[in-house]
Structures are given as structure tokens and as C-alpha cells.
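Working notes, beginning with the structure itself.
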Amino acid sequence: MSYVFTGSVLTPRLELRLFRHNDFAALFGFEGRPEVMRYLYWDDSSAEAVRERLRRRIASDRFENEGDALMLAVVRRDTTAVIGHVMLHWASKEHQQGELGFVFDPEHQGQGYAAEACLPLLAIAFDELGLHRVLGRADARNTASIALQRRLGMRQEAHLVQNEFVKGEWTDEVDCAVLATEWAASHPRP
């Protein structure tokens, strides 16, 4: 598989585009907030760490090898503000698996932006890349993330009890997924 993301994806209220160097201030503004960092695997919210994550995100525009990830900035079209980011990770070539991830500024949560941004990524996963299954993982305490995955048409497949030691504590994980056949049934192509 070889896929290169070029341009952007427009939704009614958002633009999904590749990251740019000038996105640093917006990322630094929300990635360092405790309520955002609580459920992320990384805990370094220093300017240097955010710059390094931004550097990796800027370089993530293609799927060529298992392990690649497409990371897109989510921009409000009316204000041009970066309000979050979404990620599609190529988890397994052999099993045609992807993983969906998302992080949003708390000031823009609860308004449907995350679902609006994730749907085009699922369309890329199934319609462009031909993946068989896309997984979403969340800390079990992150009920908003789990609810979003269900709104996207993902079903809960597992609740793993104390499966990872994150930030000094054992945490539960909830896994939700959607199959290509389920996606096609609910999102027929024109």
C-alpha cells in the first residue's frame, strides 16, 4: 500500500490538513493542559517536547509501511484556529488494521468537532486504504472518548483491566472497533 495525503479535507465546519511549523502555539496551548494530558501516554508538555511532537506530525503525510501514521491538524474554518488533531495509524499490514486517535482543546469539546473530524479519517481508512478494521483505544475513565467512538459507529470489543502501567498507576483500557463491512453499510459510497 502506498498512500500520500495531499491538500486538505473540508467538512462543514472544519479543515483537516497537514501540520505546519506555525501550529506550535496552538498545540502548546492545549497539549499542556492537565485535563488533556491526563489520558495521553506522554506526560512531557514542555515547549521542547511539543516542538518534537510537531516535527514528527509534520513528517506524517503517508502510508508506505506498517507503523506509519497520518496525523492531521483540525482547524476551525471560521476562525482558522487549530483546535485539535486526529491520527490514523497503520497498525498491521498482514491483518489490514488501523488505529484511530484524537486530541482536542477542551475549549472546543462537546460541540461535535471531534466526530466531524474523525469521520473523514475513517473514510480514508476504509475507502482509500482498504483497511479491514479500525480500532480505537481509550483509558476506561475517559468516558467522553469512548462515547465519541460509539457515535462514530465503533462497538466496544473489550474492557482490559489494569492492562497498562501509565503515569504511575495501573489503568483499564476500553477498545472499540469498526469493520470495513460495517462502515460500508452505514456510509455507502456514491
Restricting the stretch 59-81 to residues that are in a strand (DSSP E or B) and at pLDDT below 95, the one farthest from Asn22 (Cα to Cα) turns out to be Phe63
Looking only at residues that are more than 10 Å from Gln97 (Cα to Cα) and touching a strand residue (DSSP E or B) at 6+ places or on another chain (Cβ under 7 Å) in the stretch 130-146, which one is surrounded by the most Cβ atoms within 10 Å (Cβ to Cβ)?
Gly136
Would you be able to say whether some residue in the stretch 36-48 is of a type outside the set (Ser, Thr, Tyr), under 30 Å from Ala140 (Cβ atoms) and in a helix (DSSP H, G or I)?
yes
Filter pass, Leu119 being surrounded by fewer than 21 Cβ atoms within 10 Å (Cβ to Cβ), under 20 Å from Ala147 (Cβ atoms) and either of a type outside the set (Ser, Thr, Tyr) or out of contact with any helix residue (DSSP H, G or I) (no Cβ under 7 Å at 6 or more places or on another chain) (or both)
yes
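A quick yes/no check of all residues on (1) at pLDDT below 85; (2) surrounded by fewer than 16 Cβ atoms within 10 Å (Cβ to Cβ):
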site: Val9; (1), (2): no, no
site: Glu15; (1), (2): no, no
site: Leu18; (1), (2): no, no
site: Ala25; (1), (2): no, yes
site: Val36; (1), (2): yes, no
site: Asp43; (1), (2): yes, yes
site: Ala47; (1), (2): no, yes
site: Arg56; (1), (2): no, yes
Does the stretch 149-167 include one or more residues that are part of a strand (DSSP E or B), without any contact (Cβ under 8 Å) to a residue 24 or more places away in the chain, among the β-branched types (Val, Ile, Thr) and over 23 Å from Glu66 (Cβ atoms)?
yes
Quick check on Ala185: is it part of a helix (DSSP H, G or I), surrounded by fewer than 17 Cβ atoms within 10 Å (Cβ to Cβ), out of contact with any Ser or Thr (no Cβ under 9 Å at 6 or more places or on another chain) and not charged (D, E, K, R)?
yes
Residue pairs qualifying under the 9 Å Cβ cut-off, at least six apart or on distinct chains, with the first in the stretch 173-190 being within 16 Å of Gln96 (Cα to Cα) and among the β-branched types (Val, Ile, Thr) and the second being surrounded by fewer than 19 Cβ atoms within 10 Å (Cβ to Cβ) and at pLDDT below 95, are Val178/Ser186
Among the listed residues Asp61, Asp23, identify the single one that is in contact (Cβ under 8 Å) with a residue 40 or more places away in the chain and over 26 Å from Arg133 (Cβ atoms).
Asp23
Which of (1) modelled with pLDDT of 90 or more; (2) of a type outside the set (Ser, Thr, Tyr); (3) part of a loop (DSSP other than H, G, I, E, B) does Gly84 not meet, given it meets every other one?
(3)
The stretch 93-114, subset crowded, with 16+ Cβ neighbours inside 10 Å and of a type in the set (Gly, Ala, Ser), residue farthest from Tyr39 (Cα to Cα)
Gly98
For residues that are of a type outside the set (Phe, Trp, Tyr), under 14 Å from Tyr3 (Cα atoms) and part of a strand (DSSP E or B), tally how many sit in the stretch 87-97.
2
Residues satisfying the stated conditions in the stretch 159-190, i.e. of a type in the set (Gly, Ala, Ser) and either modelled with pLDDT under 95 or over 19 Å from the mean Cα position of the chain (by Cα) (or both):
Gly168, Ala184, Ala185, Ser186
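The values are calculated or read from the model by the stated rules, or taken from the named source; none is laboratory data. These figures come from a predicted structure and were not determined experimentally. Quick reminder, even Gly has a Cβ in these numbers, built from the backbone with ideal geometry, and neighbours come from all protein chains shown.
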